[in-house]
Every structure is written in C-alpha cells, then in structure tokens.
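Only one structure is covered here, and it is reproduced in the block below.
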Amino acid sequence: MEEPKRVYQKFFFGGRLMFGPDVGSLIFTLLLILAPVFVFCALVATKLLHELHSYNAGYAILFLVIFLTIYVLILLFLTSARDPGVVPRSTNPPSEEFGGYESSASVEVGGKLSENLQFPRSKEVFVNGVPVRVKYCETCMVYRPPRCSHCSICDNCVERFDHHCPWVGQCIGKRNYRTFFLFVSSSALLCITVFSMSALHMKLLINKHATILKAIKESPASLVLIAYCFVLLWFIGGLTFFHLYLICSNQTTYENFRRRGGSRVVNAFDRGCTNNFVEIFCGKTEPSRIKLRSYAHQVVANFAYVSEKNGTVEDRRANVEEGVDIGNDILKISQRRDSVRAGEQIR
C-alpha cells in the first residue's frame with residue numbers, strides 16, 4: 001500500500017519549516033554576514049588578543065563578535081523559515097456574498113464564464129471604531145483581513161503584510177516581523193562592533209609605527225573591514241531606524257508607501273507609541289493558520305499550496321473529498337438567485 005503523501009511536499013522536514021520561493025538568496029546573505037566575521041576573527045581579533053592582553057580584553061571582544069554572529073544567524077533562520085502569516089485559500093468563492101453587486105470578476109461555471117454571477121470586490125469593517133476597507137482576492141478566493149495583502153512573489157495573501165524581503169527569501173508579515181526587526185537591528189550592532197574594533201586595531205598600529213602607510217601594510221584586513229562595515233551600516237542602520245519609526249506609529253512598510261503615494265487613510269491601528277511597542281515585542285505569536293503537515297487523503301478546505309517548478313511559484317488547489325465540484329455549487333447559487341428574482345417579478 002502506497003504511503004500517503006503530505007499536501008505540502010515542497011516544505012522542509014515534513015512541513016515544519018516554510019521557506020519562500022527565493023530561499024536561495026539566503027546563501028548570499030550568509031556570505032555577507034560570515035565572510036567579514038571570519039576575516040575579523042582570523043586576522044584582526046587574534047592580534048588584539050596580544051595587544052589588549054590586560055584584563056583579557058581581546059578575548060572579550062572575540063567572544064562578543066562570535067556571540068552576536070550566532071544570535072544574528074538564529075534570527076535570520078527564524079525569520080526565513082517561519083510562516084509569515086499566510087491566509088488559507090478557499091476552494092469556493094464566498095457564496096454568501098453573491099448578489100447584484102458590480103464587479104469586474106467573472107466566475108467560470110461549467111467551462112463557460114458567467115458575467116451575471118458577481119459579488120462586491122471590497123467591503124468595510126470597523127477597527128477601533130474606524131472604517132477599514134478590505135478587498136476580495138480573486139486568487140485566494142477570500143476577503144483579505146485588515147492589513148493583509150497578496151504577495152506577487154510568494155503568491156499568497158499575508159496578514160499584516162510588511163514587504164517581501166529578498167535578503168531573507170521570505171515575506172515579512174504578522175508572524176515573523178518581530179524576528180525580522182531583531183535580525184536587522186542585531187546585524188547593525190554586529191556591524192558597529194566589527195567596525196569599531198577594526199578601527200581600534202588600526203589606531204593601535206598607527207601609534208606603534210607612527211605612520212598610516214605602515215599600519216595599513218601590516219593589517220590591510222582592518223582597513224577593508226572598516227570600509228565594508230561603513231558602507232553596510234548606512235543600509236542596515238537606516239533600515240533599523242526606519243522600522244523603529246514604523247513601530248512607533250504602528251505602520252507597515254506597505255502602508256507607509258501607500259500614504260506617500262497620496263492615500264490619506266486614517267491609521268486605525270495606532271494606539272500610541274508605548275502600546276505599539278508592546279504589541280510588537282510583547283504580543284503572543286499566533287499559531288499558523290495553514291496545515292503544512294496535512295496528508296493528501298485528508299479533507300483540506302482552506303489552504304495555501306506553494307510548490308517550486310522551474311524556479312517559479314505555482315499555486316495549486318487540493319481536491320476535496322467525495323469530488324466536490326466548485327462549478328456545480330456556483331451554478332446552484334446562480335439558479336437559486338434567478339428563481340427568487342422571477343418570483344418577485346410575478347408578484
């Protein structure tokens with residue numbers, strides 16, 4: 001008897017880890033982190049062990065850099081390998097919403113497109129007393145929750161969508177934003193540490209030789225690390241301060257860019273700087289809404305199926321038990337609505 005296959009076969013360790021479609025970019029990110037750290041530990045920190053022998057300061061510097069590197073790598077893994085908050089897809093359109101609403105969406109019934117079967121593309125919900133418009137996603141066939149958006153790269157709707165980060169190969173959303181911010185800020189701290197210790201080593205060499213050229217000749221690695229960290233710090237340091245601003249105002253990158261584009265929407269989620277920080281850093285991470293470890297023979301009504309094929313992302317829909325036909329369900333809804341309209345005309 002053939003062993004049942006899991007629904008999500010392309011995820012690692014039986015669905016325990018969920019990476020984005022561009023997970024290969026992690027290799028480049030790891031090189032950007034590990035290469036300068038290796039150079040620092042091998043060519044700079046070992047020399048500081050002898051030059052800062054008092055109170056074992058050299059060993060403290062080496063331990064600090066190694067500790068920060070391990071911490072950054074753990075945060076990178078938690079950000080990249082976690083479900084960012086994917087909203088489960090639906091196998092059926094929202095039938096309760098069908099009616100005489102205008103919509104550019106057409107639904108396929110029995111192999112033909114039915115232009116009469118229409119429903120609203122958006123509706124309003126209230127958040128903290130402020131009306132918020134939520135849109136219907138034609139790909140996932142669900143009304144997106146507030147602050148949710150469909151990622152064109154991952155091809156999934158993600159709750160509290162911030163952006164898709166190519167450096168971690170994953171969307172940044174509700175379930176991994178905290179670890180993403182800690183990863184960026186910790187990387188900036190690591191960069192500052194390597195930069196300052198390399199500059200300290202260069203200063204000690206200048207004091208020893210009395211000329212800059214001789215100091216550079218003795219330790220060119222220190223100069224390279226100073227230049228590398230200086231350039232990198234402008235990027236990750238600026239990113240850290242930008243996300244600090246977003247956290248203070250309880251915005252996402254996506255929402256901030258929309259407001260810059262001229263959209264004057266009241267921020268219904270801003271509860272004050274202190275409460276916003278508490279929400280991000282002290283809030284409980286909700287469990288994933290998708291069943292990554294489900295088996296193919298199980299009934300899976302709502303899900304987000306992602307698979308890799310020739311380097312692209314391809315969404316698929318699982319078959320529901322007992323051969324439920326979506327087209328027949330939609331046809332029944334349309335016939336029921338036509339009969340109601342006919343009854344009203346007779347009266």
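The values are calculated or read from the model by the stated rules, or taken from the named source; none is laboratory data. These figures come from a predicted structure and were not determined experimentally. All Cβ positions, even for glycine, are placed from backbone atoms using ideal geometry, and neighbour counts span all protein chains on display. These area figures cover heavy atoms from the full protein model, side chains too; ligands, DNA and RNA do not enter into them. Shrake-Rupley method; radii C 1.70, N 1.55, O 1.52, S 1.80 Å.
One residue stands out among those in the stretch 132-167 that are more than 26 Å from VAL23 (Cβ to Cβ) and assigned to a strand (DSSP E or B): the one that is most open to solvent (accessible area, probe 1.4 Å), which is ARG133.
Among the residues of the stretch 27-44, those identified as open to solvent by less than 70 Å² (accessible area, probe 1.4 Å), out of contact with any Ser or Thr (no Cβ under 6 Å at 6 or more places or on another chain) and not aromatic (Phe, Trp, Tyr) are THR29, LEU30, LEU32, ILE33, ALA35, PRO36, VAL39, CYS41, ALA42. Answer yes if at least one residue in the stretch 39-61 is assigned to a helix (DSSP H, G or I), at pLDDT below 95 and of a type in the set (Asp, Glu), and no otherwise. Looking through the stretch 39-61, at least one residue is assigned to a helix (DSSP H, G or I), at pLDDT below 95 and of a type in the set (Asp, Glu). Against the criterion of being touching a Phe, Trp or Tyr at 6+ places or on another chain (Cβ under 6 Å) and open to solvent by 30 Å² or more (accessible area, probe 1.4 Å), TYR245 does not qualify.
Under 27 Å from the mean Cα position of the chain (by Cα), part of a helix (DSSP H, G or I) and surrounded by 19 or more Cβ atoms within 10 Å (Cβ to Cβ): does that describe VAL231? Considered against the rule, which asks whether it is under 27 Å from the mean Cα position of the chain (by Cα), part of a helix (DSSP H, G or I) and surrounded by 19 or more Cβ atoms within 10 Å (Cβ to Cβ), VAL231 comes out as no. Selection of first residues in the stretch 45-63 that are open to solvent by less than 60 Å² (accessible area, probe 1.4 Å) and of second residues that are outside any helix (DSSP H, G or I), restricted to Cβ pairs under 8 Å at least 6 apart or on distinct chains, gives the following pairs, ordered by first then second residue: GLY58/LEU52; ILE61/LEU52.
So that you can scan it fast, the table gives a plain yes or no per residue for (1) over 23 Å from GLY283 (Cβ atoms); (2) touching a Leu at 6+ places or on another chain (Cβ under 6 Å); (3) aliphatic (A, V, I, L, M):
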site: GLU138; (1), (2), (3): yes, no, no
site: SER149; (1), (2), (3): no, no, no
site: LEU200; (1), (2), (3): yes, no, yes
site: LEU232; (1), (2), (3): yes, no, yes
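Taken over the stretch 196-235, the residue count meeting the criterion of being free of Cβ contacts under 8 Å to residues at least 24 places away in the same chain and among the polar types (S, T, N, Q) is 3.
Tell me, yes or no, whether the stretch 176-195 has at least one residue that is part of a loop (DSSP other than H, G, I, E, B), free of Cβ contacts under 8 Å to residues at least 60 places away in the same chain, at negative phi and open to solvent by less than 50 Å² (accessible area, probe 1.4 Å). No - not one qualifying residue is present in the stretch 176-195.
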